[in-house]
1. Scan segment 44-57 and give yes if some residue there is of a type in the set (Ser, Thr, Tyr) and within 21 Å of GLU112 (Cα to Cα), otherwise no.
2. Taking the residues in segment 80-110 that are more than 17 Å from ALA25 (Cα to Cα) and aliphatic (A, V, I, L, M) as candidates, determine which candidate is surrounded by the fewest Cβ atoms within 10 Å (Cβ to Cβ).
3. Could you list, in sequence order, all residues of segment 16-46 that are in a helix (DSSP H, G or I) and open to solvent by less than 50 Å² (accessible area, probe 1.4 Å)?
4. For MET69, are the conditions met, namely being out of contact with any Gly (no Cβ under 6 Å at 6 or more places or on another chain) and within 22 Å of SER43 (Cβ to Cβ)?
5. Answer yes or no as to whether SER67 is of a type in the set (S, T, N, Q), assigned to a helix (DSSP H, G or I) and either out of contact with any helix residue (DSSP H, G or I) (no Cβ under 7 Å at 6 or more places or on another chain) or more than 18 Å from LYS121 (Cα to Cα) (or both).
6. Being surrounded by 14 or more Cβ atoms within 10 Å (Cβ to Cβ) and without any contact (Cβ under 8 Å) to a residue 40 or more places away in the chain is the filter here; which residues of segment 47-66 pass it?
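The values are calculated or read from the model by the stated rules, or taken from the named source; none is laboratory data. As the structure is a computational prediction, the values presented were derived from the model and not from experiment. Here the Cβ positions follow ideal geometry from the backbone for every residue, glycine too, while neighbour counts run over all protein chains shown. For the accessible areas, the whole protein counts, side chains as well, though only heavy atoms, and no ligand, DNA or RNA atoms are used. Shrake-Rupley method; radii C 1.70, N 1.55, O 1.52, S 1.80 Å.
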Amino acid sequence: MMEICVVSHSEEIAAGIQALVSQMAEGLTIKAVGGIDGEIGTSIDAITAMFDEVEDEALVFYDIGSSKMNIEMALEMNDYSQITIAHYPLVEGAFLAGVEMMIGKSKDDILESLKNNFKEKD
């Protein structure tokens, strides 16, 4: 089954989204990283470690700025062809994707739903 990865500048936000989506999509694998040593920020090393644990296909959602940049760098430096960046709102996008994964929708169908429901981030 597909997985969701969450990258946030805040450890609490990442954990909160993980908890929210887990409650609505019980049994779905949701990985989350956020913050650096209890402070605000993102770490390419933490992102890479999270991606190393992805067992199937995954959609990765992010919050702002350097989280996107660090995700892109991790993808460029490694062979993570099974991971797709979802350029949609972090909370709402991860929530919708989680619910749709649980009802068996494909990655392409989920990306289409995200596109139809949300404006893509720049």
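1. no
2. Step by step, filter segment 80-110, then rank; the result is ILE85.
3. Passing the criteria: GLY16, ILE17, ALA19, VAL21, SER22, ILE44, ALA46.
4. yes
5. Working: of a type in the set (S, T, N, Q): yes; assigned to a helix (DSSP H, G or I): yes; either out of contact with any helix residue (DSSP H, G or I) (no Cβ under 7 Å at 6 or more places or on another chain) or more than 18 Å from LYS121 (Cα to Cα) (or both): yes.
Considered against the rule, which asks whether it is of a type in the set (S, T, N, Q), assigned to a helix (DSSP H, G or I) and either out of contact with any helix residue (DSSP H, G or I) (no Cβ under 7 Å at 6 or more places or on another chain) or more than 18 Å from LYS121 (Cα to Cα) (or both), SER67 comes out as yes.
6. The answer is THR48, and nothing else.
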